[in-house]
Amino acid sequence: MKRHTVLCALLSCAIIALVPQGVGARSGPQSARLPHGMQWEAPGVVRLSRPDRGGFLANYLADLERLKALGVRQLRIDTTCASACTVFLRLGNRVCVTNRARIGFHHIVLWNRSTLG
């Protein structure tokens, strides 16, 4: 593995670790809408079953808070989870990464008006 790839992965983990976790989770209805690509497996257990290559970090932070608010006790990552999707690892010991999962990090991308066209 190249040195800069390892450095980027470590930097990404450090940034994720600095994101505030917020307050404790509250109970929510099992029928509540989950973030894209997730489904209920059992009460309190959600599975990421569709490949997720990431997106805007702010959206994933909002999804993370939604999972907490729904009272999710375990998130099972069973597929590709890359880029901003890795923010779900902030759930700590409530995350189960299966042997089929692929976790992907990359360098930090800063968007500005000139980048977006």
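The values are calculated or read from the model by the stated rules, or taken from the named source; none is laboratory data. Only a predicted model underlies this, so the values are computations on that prediction, with no experimental measurement involved. We place every Cβ from the backbone using ideal geometry, glycine too, and count neighbours over all the protein chains shown.
Observations, loosely collected:
- Members of the range 43-69 that are hydrophobic (A, V, I, L, M, F, W, C) and in contact with a Ser or Thr (Cβ under 8 Å, 6 or more places away or on another chain): Leu48
- Number of positions in the range 76-111 that are aromatic (Phe, Trp, Tyr) and in contact with a strand residue (DSSP E or B) (Cβ under 9 Å, 6 or more places away or on another chain): 2
- Test: residue in the range 52-71 that is modelled with pLDDT under 95 and surrounded by fewer than 11 Cβ atoms within 10 Å (Cβ to Cβ): yes
- Pairing each residue of the range 56-72 that is among the small types (Gly, Ala, Ser) with any residue that is part of a helix (DSSP H, G or I), provided the two are 6+ apart or on different chains, yields C-beta distances under 9 Å for Ala58/Ala84.
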